[in-house]
Amino acid sequence: MIFSEKFTRERVSAFAAVGLSVLAYVLAMPGADVASLAWVWAVPMALWSSARPRWRSWLLGSALCAYAGGVITLIWLRHIYPPLGWLAVFLLPLAYSAFPFLWFIALRVIFPASGKEHGFFSRLLNLLGLAGLWVFLEWVLTWFLSGFPWMPLGATQWERPAMLAYCPWAGTAGASFLIIFFNLGVARYVRHLVVEAKIWHVRPGDSQSMFSSLRSICPEFYCALIPVLLSVFVYWNACLDFAKNNEKYFAFAAVQPDFDPNEKWSRERVPASVAVLEDLTLAAAKNTPAPDFILWPEAALPFPTDLPDFRAWIDGLVAHAGKPLVFGGICSGEAESTYYNSVHIAYPKTGIADMFYAKRHLVPFGEYLPFADYLPFRKIVPTAADCLAGTSAEPLPLYLKSGTFSMGALVCYEDVFPELGRDLVRRGADFLAVVTNDAWYGKEAGAYQHAAHSVMQAVNLGVPVIRCGNAGWSGLINPLGHMAVMTENNTTEGSVYFRGQKSFEVHGWRRFDEDGNALGLGGRTFYARHGDWLVTVGGFLFLAAYLRNRRWRSSCKEKK
């Protein structure tokens, strides 16, 4: 009696739906590594919506689901500038989870109108429209409040390249669309079996009736299943093509110094940091396979590259190593007390090249302070100067013994923005180089979640991505999404949070004409050329589904 009073059926349904969806969503994220749950995480919420719960309960449950998923996913932010990081853990998801919350509202409106009383095409349109809305909202996150498109749903499949087979055509949105569509297809099939086929009415031992119920046709489920199965075939075909049309571009050695990000800026730590980088760089130059160049992480040392003593030290180190060096640094800006977070190239004979890349998308509150002129505090980062945003998306020419390559540089979390990598590839980048400092995030899921975005850049654009972090995920991603990661002691179970260096061979596409003549380096996927077209299609699908449901509700009112 007490149970029936305090825990009504609706409350039990709400707790179960929210709890199961949050659990599945969080476990599907990199770090937890149960990516399969991404394909069913929204099923509990969709089934709850089909019961048409009261709006008050739905809004409260949906807000809790979206916010809890965001907080747990971003819990590693607490390591950044403690205790200020805890503010980010709880405040950032308020904006980050607003868009899943909007999707849940649409789910409550549209998914219940997908029963057998509606025609197949109407039901299918509802599912496609909801999937389209999801990818549209993920796209909005790329620019809303300066943009924070962290962990789009498609990126949960970063270690499953077969599930990313549509990304060269549609970008990460292609994988996200497929996952949401499949979630809704599964929910629709469960609802069909339980509500419409009423399998619980089958008598015990009546195997024939049970079999008849289970094989009951739900065509929209198969419409969601078939693209998933076809993606395996598309991926297999791409693997065969890549095996025939790839060649070695170059080899590089990643140097991971594993400096404490807070102490690195201390003057007392500088001599030790310089010694570590020297030792690792000279050791990397002797690696097997022999690297064509060496890669350092973001802002490897706290010196401006135009400081004479620093330039002299870099020039001497590169000459001693006998290898070009690509390194993240800081470069003095045009205005006084300003700097660029930049990427430079140094050569053994000529030293640091004049051309460099400056980070274009800065981290709010990390590299600049929004509305700084109106706030009582000025800086919350270790550097006293203000970081300036770069404006050029031109790739850097990289001159190697194996040939000349165009390198597209991305600094820190720039790889989470699809358009930044796409700009570089459209301007001729043969590969992308990501330099970062994931030591800020502690030794948890942050580095893996960040690395997932680099995988998406490689698959979306069809170019290799090389990556070097101060600590965290350093390694190589080929155009199909296959990864080679640097781990402690080079073991599959080794940590990515350690000090070391390792060489990688980079292979990429080589394009040929019909006569077999080489046309140059590959990449340039359909997505690289045409961008987020699926976002537009998804928006129209949702609009069509919404209008169709609105007309249906109007007709129901007229009949009454």
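Readers should treat all values here as calculations from the given coordinates under stated rules, not as data from a laboratory. These numbers were taken from a predicted model, which means no experiment stands behind them. Every residue, glycine as well, gets a Cβ built from its backbone with ideal geometry; the counts of neighbours run over all protein chains shown.
Between A243 and I226, the contour length at 0.36 nm per residue exceeds the alpha carbon distance by 3.5 nm.
By the beta-carbon count within 10 Å of each Cβ, the least crowded to most crowded order of V195, V416, fewest first, is V195, V416. Here the stretch 245-524 carries DSSP beta bridges of which approximately 65% are antiparallel, counting only pairs with both residues inside.
Each Lys or Arg adds one and each Asp or Glu takes one away; over the other residues whose Cβ falls under 15 Å from the Cβ of L307, this sums to -1.
Computed extension gain for W169 through S146, at 0.36 nm per residue and net of the alpha carbon distance, reaches 5.7 nm. A cut-off under 14 angstrom between Cβ atoms defines the neighbours of G154, and their net charge, with Lys, Arg +1 and Asp, Glu -1, is -2. Take every Cα pair under 8 Å whose residues are at least 6 apart in sequence, average their separation, divide by the length of the chain, and the relative contact order is 17 percent. Net charge in the neighbourhood of G31 (other residues with Cβ under 14 Å of its Cβ; Lys, Arg +1, Asp, Glu -1) is -3. Residue ranges 299-307, 78-86, 34-42 sort as 34-42, 299-307, 78-86 when ordered by packing (mean number of other C-beta atoms within 10 Å per residue, highest first). Phi angles of the stretch 463-476 translate, via the Karplus equation with coefficients 6.51, -1.76, 1.60 and θ = phi - 60°, into HN-Hα couplings of 10, x, 10, 9, 9, 9, x, 4, 7, x, 8, 10, x, 9 Hz per residue; Gly and Pro are given as x.
Computed about its Cα centre, the charge dipole of the chain is approximately 2800 debye, with only Lys, Arg, Asp and Glu carrying charge at their Cβ.
Note on R11 and S402: the model spin-label points, each 7 Å out from Cα along the C-beta direction, lie 6.4 nm apart. Summarising the label geometry, the points placed 7 Å from Cα in the beta-carbon direction at D279 and N490 lie 1.9 nm from one another.
Look at the dipole of the chain built from charges on Cβ: of A98, W76, L128, the Cα furthest out on the positive end belongs to L128.
Each DSSP beta bridge with both residues in the chain is either parallel or antiparallel, and the antiparallel ones are about 65%. Taking only the C-alpha atoms of the chain, the Rg (one decimal) and the largest Cα-Cα distance, Dmax (whole number), read 25.9, 86 Å.
The order of the peptides 223-233, 326-336, 64-74 by mean Cβ neighbours within 10 Å, most packed first, is 64-74, 326-336, 223-233. Between E268 and R553, the C-beta separation translates, for a Förster distance of 56 Å, into a calculated FRET efficiency of about 0.20.
Taking all Cα pairs closer than 8 Å and separated by 6 or more residues, the relative contact order of the stretch 245-524 comes to 21 percent.
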